[in-house]
Structure formats: C-alpha cells, structure tokens
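Report on one structure; see the data block that follows.
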Amino acid sequence: GTSSLAPLEALFTANPITLATVGDSLNLTIVFKDTVSIFNAGTASTLNIGLYNSGGVAPNIGAQLNGTAYTAGGGSQNWNGYVARIVGSGNSSIFTRAPQTLNGTTSQNQDLLFNAASGTSAYNSPSGTTVATSGGTLTGGLTQGNTYTLSYTITLSAAGTLTIGNNLYSGGVVDANNLLMAQTGTTSSSPVTTYDGLAFGWRFVNTTSAGSSVDVNSISVSDNIAAVPEPSAFALAGLGLAGLALFRRSRG
C-alpha cells in the first residue's frame, strides 16, 4: 500500500504558557476542510494533533521532514509534549513525544506526530509512551468536502497530573450536538507543563498513490490559567505561522 504523511509544525507564542495551578488548561482548536480524502475508515489512516514545549527553538524550515537522509539536529528534535491520534481502524490513542536522539541518517528526530516502533517516517528514539488507548473510536471516517473541528485540551487536573482530551466535531465550531469522537487520558509521569509549540497533520493510507489535502480555516490556542482572569488567545490564520507545512510520502 501507499501512505502519505502531512505535518504542520509551529510556535504559537514567544511567551510560553505554564500550567502551574490545579485547574489551569491550554486548548488548541483547529478548523479544517477535508478537501481531498485525508482519512479512510477501516485503514491505518490517522488524524494527529499535539502541543509541546519547544525550549524556544523553532521548527526547521525546508526539506528536513521529507523522510530522507538528514544529518543535523536542532529544530523540533528536542520538543517535548503530547500527541492525540485518531485512527481509521481500532482505538485512537494519546501518547508522549519526548526529545529525540539524533539519528544521523533520517529526519525522524524532526517528526512530532507519527510515533512508531520503527520506520523512516516517524519518531522512535525514543518512541512515545501511551497515555490513553481506551475509547475514542471514530466510525465512518471523514467525508471529502466537509468541515471539521478538532479541540485538544491539556489540563493540570491535580498536582503533578495532566488530563488530556481530544474531541472531533463535524462542522466549523465546537458543538456538543455534533461530537463525532471524544477521548481522555491522564498522566502523572514527569508531566510537561509548559507549552509554546503545536503540530497538526494526518497519515493517509491507500492502495494506490492517491493525493490528500486539507484547507485549514483557523488555528487558535487559548489558555485558562489562574494568573489570567480571562482566557487569553492566540489566533493563527491559515498557515501564516512561525513554522511550516510539509508533505511527504512513503511507500510500504
């Protein structure tokens, strides 16, 4: 079969957000239109979203994410955070993305979304550890031409504990009446509590070399923390980000 990986990575603020008080939360909402078949039900296709602590280092811009030989580090190599993955078959999952060891032969150390035990197009040094696998089943896939909303939230739910939720809605707003899938996981293992980076992307799996694409209508990040009486927000229109959107294809 053939699979294509399409990641977008970006910094969303120059002033990182820290979840310091129980109840503090950070939300990433992405509204997109499935313009050309990005997600097939019953396959290994995935829809991925993540939030990270970049350490103040912006993603590499250029061909470093194409899965071919890349011998340098930097960029998103040491970003540290969490990824939620909706899958076309089986249960969805939430997992960690830890700083990566420089491979020296591929660009795996630059990947933020596609965790794997091995393979040249996903990070695996180290691989992610599971935060949640129960629940989160999406039936029917996505419909080409329709608009969807991903809402991804990380909350400091107790001292040293994070609760991570990933919801997918049909339509262009968060609306409980249009909820397609919801998944929640909790972790207290060396929790990441500071964030300034995001990623979004998909893996489209097909038996032929078919294209896939989305129109990103909006990307917004909002925090609700004790030090700020009203939630602050960072709106990033389209792809005008301090990062990049890249497309790559691997055949297997």
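Projected label points at Asn146 and Thr130, each 7 Å from Cα along the beta carbon direction, are separated by 2.8 nanometres. Projecting label points 7 angstrom from Cα along Cα→Cβ for Ser89 and Asp215 puts them 3.2 nm apart.
On average over all directions, what projected area in square nanometres does the range 131-221 have, based on the convex hull of its Cα atoms?
Mean orientational projected area (the range 131-221, Cα hull): 7.8 nm².
The string of couplings for the range 24-40 from the Karplus curve (6.51, -1.76, 1.60, θ = phi - 60°) is 4, 8, 9, 10, 10, 10, 10, 9, 9, 10, 6, 7, 9, 5, 9, 8, 9 Hz, one whole number per residue in order, with x for Gly and Pro.
Each reported figure results from applying straightforward, stated rules to the coordinates on display, with no laboratory input. Please read these numbers as outputs of a predicted model, since none were measured by experiment. So basically every Cβ, Gly included, is an ideal-geometry build from the backbone, and we count neighbours across all protein chains shown.
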